[in-house]
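Asker: Submitted below is the structure of interest, expressed as structure tokens.
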Amino acid sequence: MSTYVALIRGINVGGKNSLPMKKLVAILESLGFDGVKTYIQSGNVVFRSKRKCSRSTATKISTEIKNKIGFQPKVLLLSASELRNAAKNVPFQARDGKLLHLFFLAAAPSDPDFAKLDALKTSTERYKLNDVVFYLHAPDGIARSKLVANLEKALGEAATGRNWNTVGKLLEMAGAAA
């Protein structure tokens, strides 16, 4: 049995796309996944599966959420080892885990616009793209970051971000689930 992490984008944000975690757990269990656990209300799920999971599994989860709840969020799916590798390759040190972000991409960008990213970043923001993970150290936070607001457009891929604290908790949960 393998352990996976589903990152569900855009749920429970600003009163939109409400999805209680108990319902999310029930949806994943109805799809045959075991040991389903969530972390905070923003769409972080760790589960085990007897079957190998892939992009089609992420689509299946998204479609089932639509069937049961009424909206279809983007779901990015990582194996526990992919999450560990993303964490292992963090290029920046951050004393505050809320200021280091990992944006997980649906696919590796074929033509990222680095000139646009450089023009949008503040003097304190640092970033690095590593295949399907975009690392961002943002000492001033990301709430008003123009780089974050335009990230998907500049990369040409769907992305969902998690701060370092959340990534650490998901790693802990995935390790316990393995």
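The values are calculated or read from the model by the stated rules, or taken from the named source; none is laboratory data. What you see is a predicted model; the values in this text were computed from it and never measured. In this analysis, Cβ positions are derived from the backbone assuming ideal geometry, glycine residues included, and neighbour counts consider all displayed protein chains.
Asker: If you take the residues of region 91-146 that are out of contact with any strand residue (DSSP E or B) (no Cβ under 7 Å at 6 or more places or on another chain) and of a type in the set (A, V, I, L, M, F, W, C), which of them is nearest to Pro73 (Cα to Cα)?
Answerer: Ala107
Asker: Considering only residues of region 95-113 that are of a type outside the set (Phe, Trp, Tyr) and not in a loop (DSSP other than H, G, I, E, B), which is farthest from Lys50 (Cα to Cα)?
Answerer: Only one residue tops the list, namely Leu100.
Asker: Exactly one of (1) at pLDDT below 95; (2) closer than 26 Å to Lys50 by Cα; (3) among the aliphatic types (A, V, I, L, M) is unmet by Leu78. Its number?
Answerer: Evaluating Leu78 over (1) at pLDDT below 95; (2) closer than 26 Å to Lys50 by Cα; (3) among the aliphatic types (A, V, I, L, M) leaves (1) as the failure.
Asker: Polar (S, T, N, Q) and surrounded by 15 or more Cβ atoms within 10 Å (Cβ to Cβ): which single residue out of Ser2, Ser30, Ser18 fits that description?
Answerer: Exactly one residue qualifies, and that residue is Ser2.
Asker: Gly70 versus (1) in contact (Cβ under 8 Å) with a residue 24 or more places away in the chain; (2) at positive phi: which is the lone unmet condition?
Answerer: All conditions are met except number (1).
Asker: Further question on the same structure: Among Ala158, Ala86, Ala80, Ala154, which is the only one that is surrounded by fewer than 17 Cβ atoms within 10 Å (Cβ to Cβ), of a type outside the set (Phe, Trp, Tyr) and either under 15 Å from the mean Cα position of the chain (by Cα) or not assigned by TED's automatic domain parsing to the domain that holds Ile27 (or both)?
Answerer: On inspection, the qualifying residue turns out to be Ala158.
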